[in-house]
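Working notes, beginning with the structure itself.
The values are calculated or read from the model by the stated rules, or taken from the named source; none is laboratory data. Remember, it's a predicted structure, so these values are computed and weren't measured experimentally. Cβ placement follows ideal geometry from the backbone for every residue including glycine, while neighbour counts extend to all protein chains displayed.
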Amino acid sequence: MSKLIDRNKVIYSFNQKNKAIAEVKPGEEFTISTYDCFSGQLKSEDDVISEMNWDHINPATGPVFIEGAKKGDILKVEILSIELESPAVMIAAPKDGVLGHLIEESIAKILPIKNNKLIFSDKYKFDLEPMVGVIGIAPEDGYDISTGTPGEHGGNMDCKLLGPGASVYFKVQTDGALLAAGDMHALMGDGEIVVCAAEAGGKIKLKTEIIRDKDLPVPFIEKGELISTVASAETLDEAVDMATEKMANYLVENYEFDLTEAGLIMSLIGDAEICQVVDPLKTARFTIDKSKL
């Protein structure tokens, strides 16, 4: 049985001053229990969204001290499994998300999870695609980054690749890395366009590995044969450009391509993809199937 790290201690920002609540060894399996992104505040479709405590959004359980992790190391975090609690919840509200200018009133929606299906209505039942929205480590010294904000440290990337079987890589900035995770989703489309997905609490089983003497364009994701570079910026155009350049440089450094050849290959078999467009910083990824290289 893996070590269970309970959700009774959470953070709302990533920084190097957060005190670790647990310590694990590389290669050791451990399980983090998480709240949904609303900290469990939505219990009914009659709940009033404006009365929620918005200071308690995107709690991340942790941080967890990874034994032996030092500044400059690459930390690999493998997502082994995700166990979701039922129900999931969603909201839509005026001025929030891509459609916020068209939405006239706030609503909360309760979505039961039964038999590996998300029950949207009697008519619509969708297969689960569990993922973790917030996962990251302490950023560079002096930075204090909200768990609702994505960046090179990870954070609120809302990348749908981050489900069971995926590994995400970060560059360690302080002893122990200080890993934290939360904001799990039962299902999310690329973009997360109404400002949230099917938000659910639950448990995520993880395993870490420390990699030395290697550089990666972090955050970097592997899932099966897919590799993906992730970037966040004030505009989606900037985020796409950054993710694309990260992948081009990765291919030049790890395969026998010059930059132009890498670009040609990426234009043939790569995909510039959206993670989320609803945070102050937008997140994009560039994904390629490495089995084709």
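Looking only at region 227-235, decide whether some residue is over 17 Å from Met157 (Cα atoms), at pLDDT 95 or above and of a type outside the set (Lys, Arg). No, the conditions are met nowhere in region 227-235. Here Ser33 meets the list (1) in contact with a Gly (Cβ under 8 Å, 6 or more places away or on another chain); (2) part of a strand (DSSP E or B); (3) surrounded by fewer than 16 Cβ atoms within 10 Å (Cβ to Cβ) almost entirely, failing just condition (3). What about Ile119, is it under 23 Å from Asp158 (Cα atoms) and surrounded by fewer than 20 Cβ atoms within 10 Å (Cβ to Cβ)? In short, yes. If the condition is being surrounded by 14 or more Cβ atoms within 10 Å (Cβ to Cβ) and either more than 18 Å from the chain's Cα centre (by Cα) or not in a loop (DSSP other than H, G, I, E, B) (or both), then region 36-47 contributes Gly40, Gln41, Leu42, Asp47. All conditions but one from (1) hydrophobic (A, V, I, L, M, F, W, C); (2) surrounded by 20 or more Cβ atoms within 10 Å (Cβ to Cβ); (3) more than 25 Å from Ala22 (Cα to Cα); (4) touching a Gly at 6+ places or on another chain (Cβ under 8 Å) apply to Val98; the one that does not is (2).
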